[in-house]
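What follows is a single structure, written as structure tokens, with notes after it.
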Amino acid sequence: AGCQQVLESGDVGPNLERPRAGLGLSDDELTVVEVLKDELGMTHVKYERRKHGLEVVSGEIKAHLDANDQIYAITGSRNDDRWVSKVPVWGEVRALEKARELAETLSLAPPRLVYVIPNDERGIFLAWEIRAQGASNGLPVDDLLYVGALNGDLIDRHPQVRPLLDRRLYSANLAESL
């Protein structure tokens with residue numbers, strides 16, 4: 001049951017290459033990272049996206065092929081990135097200063113230049129990814145902050161640790177009420 005990996009990264013046939021052209025992406029912007037085949041004979045291909053040699057965070061695209069290797073669905077975001085800058089205006093030092101304002105007591109990792117598609121999918125942005133770790137209000141924090149490389153705005157925040165909700169499980173023991 002489930003899926004099994006059938007091909008290694010980069011080992012793909014012509015039908016797995018087709019989503020690039022359909023999405024208007026070049027060979028260096030979309031790389032196959034995983035190919036899985038499920039028990040129904042369907043193939044699911046996961047692609048990593050890059051722009052100007054940089055990772056596109058939240059830019060994952062998946063193609064789904066039927067048992068005859070015909071694409072029946074493509075999932076993921078394809079944002080208009082023709083006009084996105086590849087040169088940061090805000091440097092690493094300024095980005096770290098902004099991150100320090102946002103995460104006062106947390107330790108910060110060195111910035112990494114990436115493109116990010118925010119959770120609200122309002123576009124694609126050149127940004128500095130900065131990991132902020134520590135504790136806040138007694139809870140562990142491990143967030144990836146995305147500081148805009150053009151204006152220093154906080155583009156997005158991706159928590160890597162989420163607190164558990166206080167949930168309780170009740171059993172009616174086959175009764176009509178608790």
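The values are calculated or read from the model by the stated rules, or taken from the named source; none is laboratory data. Because the structure is predicted, anything quoted here is derived from the model rather than measured. Cβ atoms come from the backbone with ideal geometry, glycine included; neighbour counts cover every protein chain shown. Surface areas here come from the heavy atoms of the whole protein model, side chains and all, with no ligands, DNA or RNA. Shrake-Rupley method; radii C 1.70, N 1.55, O 1.52, S 1.80 Å.
Across region 136-148, what is the total count of residues that are assigned to a strand (DSSP E or B) and open to solvent by 60 Å² or more (accessible area, probe 1.4 Å)?
2
Kindly provide the set of residues from region 90-105 that are touching a residue at least 12 places away in the same chain (Cβ under 8 Å) and part of a loop (DSSP other than H, G, I, E, B), ordered by number.
Correct list: W90, A103, T105.
Among I61, I117, I74, which is crowded, with 16+ Cβ neighbours inside 10 Å, modelled with pLDDT of 90 or more and either in contact with a Phe, Trp or Tyr (Cβ under 8 Å, 6 or more places away or on another chain) or at negative phi (or both)?
Answer to the selection: I117.
Take the residues in region 91-119 that are more than 17 Å from V141 (Cα to Cα) and β-branched (V, I, T); name whichever of them is farthest from the chain's Cα centre (by Cα).
Across region 91-119, the extreme among qualifying residues is V93.
List pairs: first residue in region 14-33 and farther than 11 Å from I71 by Cβ, second residue modelled with pLDDT of 75 or more and open to solvent by 50 Å² or more (accessible area, probe 1.4 Å) anywhere in the structure, Cβ distance under 6 angstrom, at least six positions apart or on different chains.
Here the result reads E29/R50; T31/E48; V33/K46; V33/E48, each pair linking region 14-33 to a residue that is modelled with pLDDT of 75 or more and open to solvent by 50 Å² or more (accessible area, probe 1.4 Å).
Determine whether region 35-56 contains at least one residue that is surrounded by 13 or more Cβ atoms within 10 Å (Cβ to Cβ), of a type in the set (G, A, S), closer than 22 Å to E129 by Cβ and out of contact with any His (no Cβ under 6 Å at 6 or more places or on another chain).
no
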